[in-house]
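Below you'll find the structure, written out as structure tokens, and then a few comments.
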Amino acid sequence: MARLVAGIVWLVASIVTLDPLVPVRLILAAVVALVLWSGLPLRRIPGRLAPLGFAILSLTAFSILLSGSNADPSLAAVATLGPARITGPAIAAGLAVGLRVVVIALSTLLVFGPSDPTRMADSLVQQWHFPDRFAYGTLAALRVAPFMAGDWATIAAARRLRGLQPRGPAAHLREIGGRLLTMLVAAIRRAERLALAMDARGFDSGIRRTHFRELRTTWRDWLTIGVAFAVAAAALVLPR
Amino acid sequence: MTTVQEGRIALESATPPSIEADGLCWTYAGRSRPAIEGLTFRLEPGRVLLVLGPSGSGKSTVARALAGLVPHVLPGTWKGTLRVGNLDVAQTPARLLGERIGLVFQDPDSQLVMSRVDDEVAFGLENRAWTREAMQARVPEALARVGLAGFERRGTMTLSGGEKQRLAIADLLAAGPGLLVLDEPTANLDPPAMHATFEQIAGLARVRRHTIVLIEHRLEAALPLADDVLLLDESGRQLAFAAADAVGPEAVGLLERNGAWVPRAWQGVAVARAHEARAAEARRSTEAGALLLEAAQVRIAYPADESGTHLALDGVSISVRAGERIALVGPNGAGKSSLLFVMTGLLRPDAGTVRLRALPRDGEAGETMRDPARLRAGEIAARIGLVFQDPELGFVARTARAEVSAGARAMDRGRGRDAHDAHDDHGADGVLAHFGLGHLALESPFRLSQGEQRRLSLAALALRPPAILLLDEPTFGLDRRGTEAVLRLLDDLRAAGQAQILATHDPRLLPACERVVALDAGLVVFDGAPGAFLATPPYRPAGPWRDGVALAIEPSGGGVDDTPGRAAAPR
């Protein structure tokens, strides 16, 4: 639970200002937190961020190019790209945007990353008072998610073996549509079976559930939250 | 009844209830015919009831009715009465029923909710508002009871099929219900796991502290455990309710017609002779057919394993000739599916080669052996086809007829013939009729019954049959009649020269194949005749693999042990 709060706090802090140094500090803090809390080894962090790499780079590049300060004639151009001028403040602003995305990504990793999803669900229900149905239903769905990936691969394989090879964009779209339909059927079937099994074990029968694993908000949680706020404040306020 | 509030309870404390049905009838919402009709019987407390019937006969509906899922969770129309102990199912709220009854389904993956074993067992208890202390005491007890002591912190996904089913039984027992309902619990399991599960159930039955309802169609294993038998016909009507002792060889006809696998000892001489003839036919080796596929020293690591030390296939070599029917056997996880995928080119081996005899391309004189992964879709489909364990994943069209002609259409297009013959549509109807699906030509494949879907997935590859047909667990979920129908259809295809590979962990199919290739942990441990395999299965323990075949559809000739070690079949 503390994790969730910390993640949100830092996310907000990074959005609040345009100064690029703020996200850098927050990134450092987030990385430290990830390593300590989630046990994610340092070298694996870039791997986790990789899918966003393209987005981050392009966002940064475009922000730099399109920044308003490029048009301001009083600012000296640091570089030129054809007809475009790039000024110092523009680079700073662009970097800020890019780095902000990194902070968001890291915060998300912190909250939803390698932590035990059951713990997450328990935390949502016990500490945040989410409805049981939603939290544990989602947990069960997460547990069968890997099967869905397998199903998708099987569906694709089956089609190829039947000789179906779409040619041209329209055919490709139809092919994907067909696959999605089959996938939907498979997903619904699985969901029905799982839901029935959960019902058979008394889920959602109107009784107030008890909890096998207890999650209490201890002083440690509050301390962590306090530290998170402090770090965010420091990142925002400290002079260069 | 309310043992819920008390902290500590013995594992089998609830008194086993009786079950009494009178004119029980249930129609699911949106269906025109009832799933079950006119069920009337009484089961005394502590006895074991075996429910038999063909696929689709409503056996699962009986299970659901006992658990109260029907009518409280699933919508439909209820008629008649069903009492469990002194509770009337239709009138009692689901949560009160839930305390007395536990239900186990056939697919372990679709009934385990949580990712850790101890959470999983506690899930049912949490739903029934047990105190934390009580749960913490009960979880290890329940796990120990099914032989999973010490598994508390394991991930449920890391368990084998047999272990998962045991976990499901632990879930079942944890809440201390008086009535246990098991719906085909061994359908998905390989012989050792199936054996272990039946032993577990036998253990529970012996103690006589539960009333047990077991839905199964493997009579040889299940009948010795049962006290009473309820037989349903394919429309869900009650055909018979009798003491298990009274069920003997004279009921063979009735039982076989309704989907059960009768013990071999009961089969009359004439029947046995007919089976022998078919087995001999299957073993008749066609003249050394052309070599269609050759795989050499194939190695594949598990995709999730980065270090590459866990191998799905570890140096597997196999060759396939025209007209052969090969049974590819092995426990779950032995590498059967990986091998099938490698043969079709869907998976690339990390080492070793696979060559498939392909049609000549433009400019080539004759057929050559090629890497299937490099073939175009149209080329592959003509040479090798794969029928998946879950037929629904393989459907590509909106109607059954389109499903059958889809393959032909794709192949024609692949070879540059754009005009699709109207002639082929007639061909499709002919195929549908042959597979018993003529009346379903315009139905969506997803609305067919399980048996019909299986036949349709075969029919889809029958208009332009590929040279090699691979089948992944083709009889999973089918009763006796369904299995025989599938085998007959396969015989027809084979008569035209098709090579067939049946990947299965069901030893009942072995006698219908002329060659057995057995895998174990990614290695080929046997490649020879079924008789030799069954005489000495290359697995430890060998018992379940040998006993499993006692349930076979035909005797496989000399060298096979008769009745399994457990209680003898009645009469």
Quiz prompt | Spatially proximal lysines relative to B:LYS59 (Cα-Cα < 24 Å; intrachain offsets below 8 disregarded) | solution = B:LYS79, B:LYS164
Practice problem: Taking amide H positions as placed in the peptide plane 1.01 Å from N, state which residues far from B:ALA301 in sequence (5 or more) or on other chains have amide H under 5 Å from it. | Solution: B:ALA312, B:ASP350
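Just tell me how shielded B:533-546 is by partners: mean number of partner chain Cβ atoms within 10 Å of each residue's Cβ, no decimals.
0
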Quiz item: For the residues A:ARG193, B:ARG206, B:ARG64, what sequence is obtained by ranking on other C-beta atoms within 10 Å, fewest first?
Solution: B:ARG206, A:ARG193, B:ARG64
Quiz prompt | Relative exposure of B:ILE101, B:ILE215, judged by other C-beta atoms within 10 Å (fewest first) | solution = B:ILE215, B:ILE101
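When Cβ neighbours within 10 Å are restricted to other protein chains, what is their mean count per residue of peptide B:105-116?
That average works out to 6.
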Self-check item: Cβ-based exposure ranking for B:THR483, A:THR118, in which fewest neighbours within 10 Å come first
Solution: A:THR118, B:THR483
Quiz item: Quick one: which of A:127-135, B:334-342, B:87-95, B:392-400 comes out on top by average Cβ neighbours within 10 Å, and what's the full order, highest first?
Solution: B:334-342, B:392-400, B:87-95, A:127-135
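Once you have a ≥ b ≥ c as the square roots of the Cα gyration tensor eigenvalues for segment A:128-200, tell me rounded if a/c is under 1.5, and otherwise prolate or oblate according to whether a/b is larger than b/c.
prolate
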Quiz item: Put +1 on the Cβ of each Lys and Arg and -1 on the Cβ of each Asp and Glu in segment A:136-240; which of A:LEU215, A:ALA171, A:ALA140 then has its Cα farthest toward the positive end of the dipole?
Solution: A:ALA171
Self-check item: For segment A:179-195, 3J(HN,Hα) per residue [Karplus equation, 6.51 cos²θ - 1.76 cosθ + 1.60, θ = phi - 60°, Hz, x = Gly/Pro]
Solution: 4, 5, 4, 4, 4, 4, 4, 4, 5, 5, 4, 5, 4, 4, 5, 5, 4
Exercise. Quickly rank A:97-105, B:143-151 as a protection proxy: mean count of other C-beta atoms within 10 Å, highest first.
Key: A:97-105, B:143-151
Exercise. Can you check what the net charge comes to around B:GLY23, using other residues whose Cβ is under 12 Å from the Cβ of B:GLY23 (Lys, Arg +1; Asp, Glu -1)?
Key: -1
Quiz item: Residues with amide H under 5 Å of B:LEU292's amide H, sequence separation 5 or more or different chain, H placed in the peptide plane at 1.01 Å from N; which?
Solution: B:VAL320, B:ARG321, B:ALA322
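Give, rounded to the nearest 20 debye, the magnitude of the charge dipole that segment A:128-200 has about its Cα centre when Lys and Arg contribute +1 at Cβ and Asp and Glu contribute -1 at Cβ.
420 debye
Here, each number is a calculation from the coordinates, and none is a lab measurement. Because the structure is a prediction, the values reported are computed rather than measured. Virtual Cβ from ideal backbone geometry, glycine too; neighbours counted across all protein chains shown.
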